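**Student:** Below you'll find the structure I mean.
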Amino acid sequence: LWPIPDNEMAAPPPQLSLEQAKEALREATAAFELPANIERIVSAAAAAPVEQRGMAILPVVQEIQSAVLTKYGFEGPAGVFQGIMAIKMHESDPEVKEGIAKITTGFMEYVQKAS
């Protein structure tokens, strides 16, 4: 294999300051609370068997997160994962830890509402 020139290597993912991580979490929380997004999550969950609802909503959840994280430079298929990891770097901060917990469990209440 030929070495890849430095100018052709993928750039490292962006990093977030503590304040940026907090702001991204606030924006993501607000996005999950928008009626249109709640409806998207409930609809995706309702279309799947009960035992598959968590997986069924994953694409919708990722789209919602992606819309927020793109503002912070996290783009493409790996952007959501990279953004979450950048936020988790600040998990020792109580506000960030609480925000992560709220995001990761908060939308599940909408899954439970699906019938």
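The values are calculated or read from the model by the stated rules, or taken from the named source; none is laboratory data. The model shown is predicted, which means the values in this text are computed figures rather than measured ones. Positions of Cβ are generated from backbone atoms using ideal geometry, with glycine treated the same way; all protein chains shown enter the neighbour counts. For the accessible areas, the whole protein counts, side chains as well, though only heavy atoms, and no ligand, DNA or RNA atoms are used. Shrake-Rupley method; radii C 1.70, N 1.55, O 1.52, S 1.80 Å.
**Student:** Which residue out of Ile103, Ile57, Ile84 is β-branched (Val, Ile, Thr), in a helix (DSSP H, G or I) and over 19 Å from Ser17 (Cβ atoms)?
**Tutor:** Values: Ile103 fails: over 19 Å from Ser17 (Cβ atoms); Ile84 fails: over 19 Å from Ser17 (Cβ atoms).
Sole residue among the options that is β-branched (Val, Ile, Thr), in a helix (DSSP H, G or I) and over 19 Å from Ser17 (Cβ atoms): Ile57.
**Student:** Within the stretch 60-80, take every residue that is part of a helix (DSSP H, G or I) and small (Gly, Ala, Ser) and give me the one that is least open to solvent (accessible area, probe 1.4 Å).
**Tutor:** Gly79
**Student:** Answer yes if at least one residue in the stretch 84-92 is open to solvent by 40 Å² or more (accessible area, probe 1.4 Å), polar (S, T, N, Q) and at pLDDT 95 or above, and no otherwise.
**Tutor:** Within the stretch 84-92, one or more residues are open to solvent by 40 Å² or more (accessible area, probe 1.4 Å), polar (S, T, N, Q) and at pLDDT 95 or above.
**Student:** What are the pairs with Cβ atoms under 9 angstrom where one residue, in the stretch 26-47, is farther than 13 Å from Pro59 by Cα and the other, located anywhere, is of a type in the set (Ser, Thr, Tyr) and open to solvent by 60 Å² or more (accessible area, probe 1.4 Å)? Sequence gap at least six, or different chains.
**Tutor:** Here the result reads Ala46/Ser115, each pair linking the stretch 26-47 to a residue that is of a type in the set (Ser, Thr, Tyr) and open to solvent by 60 Å² or more (accessible area, probe 1.4 Å).
**Student:** Being closer than 25 Å to Phe74 by Cβ and open to solvent by 30 Å² or more (accessible area, probe 1.4 Å) is the filter here, so list the residues in the stretch 40-59 that pass it.
**Tutor:** Within the stretch 40-59, Arg40, Gly54, Met55, Ala56, Leu58, Pro59 qualify.
**Student:** Can you spot a residue in the stretch 6-20 that is in a helix (DSSP H, G or I), surrounded by 13 or more Cβ atoms within 10 Å (Cβ to Cβ) and at negative phi?
**Tutor:** Looking for residues that are in a helix (DSSP H, G or I), surrounded by 13 or more Cβ atoms within 10 Å (Cβ to Cβ) and at negative phi, one finds at least one in the stretch 6-20, hence yes.
**Student:** Go through the stretch 96-112 and count every residue that is of a type in the set (Lys, Arg) and in contact (Cβ under 8 Å) with a residue 12 or more places away in the chain. Spell out how you get there, then give the answer.
**Tutor:** Our first condition is that a residue be of a type in the set (Lys, Arg); within the stretch 96-112, this holds for 97, 102.
In the following step, the residues that additionally are in contact (Cβ under 8 Å) with a residue 12 or more places away in the chain were identified as 102.
Going through the stretch 96-112 one residue at a time, the tally reaches 1.
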